1. How many of the residues in region A:281-319 are open to solvent by 60 Å² or more (accessible area, probe 1.4 Å) and within 20 Å of A:ILE232 (Cβ to Cβ)?
2. For a quick check of your reading: which helices (runs of 4 or more DSSP H) sit entirely within region A:250-319 and have at least 3 residues that are among the basic types (Lys, Arg)?
3. Only one residue in B:GLN273, B:GLN246 is without any contact (Cβ under 8 Å) to a residue 60 or more places away in the chain and more than 21 Å from B:PHE66 (Cα to Cα), so which one is that?
4. Among the residues of region B:79-99, are any open to solvent by less than 10 Å² (accessible area, probe 1.4 Å), closer than 22 Å to B:GLU218 by Cβ and of a type in the set (S, T, N, Q)?
5. Run B:THR106 past the list (1) out of contact with any strand residue (DSSP E or B) (no Cβ under 6 Å at 6 or more places or on another chain); (2) open to solvent by 10 Å² or more (accessible area, probe 1.4 Å); (3) of a type outside the set (Lys, Arg) and report the number of the one that doesn't hold.
6. Residue pairs, Cβ under 8 Å, 6 or more apart or interchain, first in region B:19-45 and closer than 15 Å to B:LEU91 by Cα and free of Cβ contacts under 8 Å to residues at least 60 places away in the same chain, second of a type outside the set (S, T, N, Q) and open to solvent by less than 10 Å² (accessible area, probe 1.4 Å). List them.
7. Which pairs do you get when a residue that is at negative phi, found in region A:47-58, comes within reach of a residue that is among the small types (Gly, Ala, Ser) and outside any helix (DSSP H, G or I), reach meaning Cβ atoms under 6 angstrom, with the pair 6+ apart or on two chains?
8. Scan region B:99-124 and report the pairs whose first residue is within 9 Å of another protein chain (Cβ to nearest Cβ) and whose second residue is open to solvent by less than 10 Å² (accessible area, probe 1.4 Å) and of a type in the set (Asp, Glu), with Cβ atoms within less than 8 Å and a gap of 6+ or a chain change.
Amino acid sequence: MSIHDLNPTDKKDTRSGFGDAILELGKEDERVVALCADLTGSLKMNGFANEFPDRFFQTGIAEANMMGMAAGLTIGGKIPFTGTFANFSTGRVYDQIRQSIAYSQKNVKICASHAGLTLGEDGATHQILEDIGLMRMLPNMTVINPCDYNQTFAATKAIKDHEGPVYLRFGRPSWPIFASKTSFEIGKAWKINDGKDVTIIATGHMVWYAVLAAKELEKLGITVDLLNIHTIKPIDQEAILDSVSKTGCVVTAEEHNRFGGLGEAVAQVTSTNHPVPQEFVAVNDSFGESGKPTDLLKKYGLDVSDIVKAAQKVLHRKG
Amino acid sequence: MAEIDFLTKRSSQVRRDIVRMVHSCYSGHPGGSLGCADFFVALYGEMMSFDSKNFEMDGKDEDLFFLSNGHISPVWYSALARSGYFPIEELATFRQIDSRLQGHPTTAEHLPGIRMASGSLGQGLSVAIGAALAKKLNNDDHLIYTLHGDGELQEGQIWEAAMYAPHHKVDNLIASIDYNSRQIDGDVDDVLSLGNLRAKWEAFGWDVLETNGNNMAELVGTLKKAKGMTGNGKPIVIIMTTEMGQGVDFMMGSHKWHGVAPNDEQLAQALSQLAETEGDY
């Protein structure tokens, strides 16, 4: 596997990976139930809702109640998947998740769409850039941010068999499909490319940009050790340390505030085990705004060229 | 009336447990706990079917109870212990380090009888609805009971849940409200009035019953009536008038004993008013 093997022709939204997978899960396991707070179409949950009306709970615009209900449904052996936007899946219901799900150790799968800047035109009220941090801080919580349709499909299938609360983060834009639809292991990084000069670790939509950046860096004579960390918690410490002990420097790329997200999670691993220079490609502690997804990524410093520049900078710091 | 006599005697013992528990750690919430002692004794001693010796989280083929106002944990712990969920001696560990009897109830310590953490208010009705829906999916015709504080009804999530349950015909659910009219900062009517509580619940689509929560015969009668109303397409709520501090004269008639423990002298005074009917822990 290398970046040269990745030349996707198809595009799809990651939320559709969730919607298609939960429909399959409904057929495979009758313990699977789904709840949605008036965003069934946006979450691509129509298939499940139509096929399994008895196991689909429309809660209305009442996310706090939805999270509590999901916790309650686990008592009796159900495996509830909640669906709403990432903003309303985290910040709006943080205390409900904290007490009724995480602290109570309930087997709820919190599935969150429209995360990050790539939500686009709706603007900052809906573009949450703090959710990974919020969810990472909760004990007992697993946090997963898949990179494309296939990986979101595979992650949705995988979390059903994982006992414990999970936060699954995906999004709205149509995005290149390049990951495996079948091989996915929670907590295990995907090694996309072997290189010796710089490690790039990316999550979510930024993984595709990291692939493009790695291709450009290679043209400049810089080889990239490229890792996709889809599971931000628990993080694949071994994969990170293997890579940085080879390259001696790292760039992290995420569609999230530079505080609280993947970058800090990686820094915690390296600083306590094998300190290396790190550059953060992330939103610089600001809210977003309305615009087209790719234009927003560019404006907020999350473009392919930003990853390339960060790699050059961290290489310079390495000396 | 042998049954009422037994329940009334148990209430007295539970009240002794409550004041001794909060006294020994010098913290906790005696007021609401004392007020709800009769309710817990009626629920666990008469109403619910459960297997206290083989506690399982899923609670299949059992009635389930969720305490939404988790701060009155002393009364729940006493009722659970007196119902055989765990040794009554363990009540002595309440709020101590390494105890399963945390200040607010939790599943984290695996105390038999507890299925949900509570303490941050307003969350229990939603959880209960989820558990009630799971029972329906499992073709399990047992019931879900809850208790909420009256002050707790100021939380918005309660009304999200209140709207959901009738719309979706969650009719295997009996919610109860501890209507003692007091909260930490004072009288509920002064802090944030609940207005016409019966009318509010009726407007949301619930069947509403009212009862004196400190009259065992009336309370048991109301709970049985509520049970008889289940399965008819509507959730049921019982507005249960209680006296905060019930059973200990100097704790009654004020909000001041909401979250304050008695000193040695006050403990002795309280215990002198509560008969030891089943033996102290």
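The values are calculated or read from the model by the stated rules, or taken from the named source; none is laboratory data. Since we're looking at a predicted model, the values are computed, not measured. Cβ: placed from backbone, ideal geometry, glycine included. Neighbour counts: every protein chain shown. These accessible areas exclude ligands, DNA and RNA; they are computed on the full protein's heavy atoms, side chains included. Shrake-Rupley method; radii C 1.70, N 1.55, O 1.52, S 1.80 Å.
1. Residues in region A:281-319 being open to solvent by 60 Å² or more (accessible area, probe 1.4 Å) and within 20 Å of A:ILE232 (Cβ to Cβ): 2 in total.
2. The qualifying helices (runs of 4 or more DSSP H) are A:304-318.
3. B:GLN273
4. Scanning region B:79-99, I find no residue that is open to solvent by less than 10 Å² (accessible area, probe 1.4 Å), closer than 22 Å to B:GLU218 by Cβ and of a type in the set (S, T, N, Q), so the answer is no.
5. (2)
6. Listed pairs, sorted by first residue: B:SER33/B:ILE18; B:SER33/B:VAL22; B:SER33/B:ILE72; B:SER33/B:PRO74; B:SER33/B:VAL75.
7. Pairs that qualify, where the first residue is at negative phi and the partner is among the small types (Gly, Ala, Ser) and outside any helix (DSSP H, G or I), are A:PHE48/A:ALA34; A:PHE56/A:ALA34.
8. Qualifying pairs under 8 Å: B:GLY122/B:GLU152.
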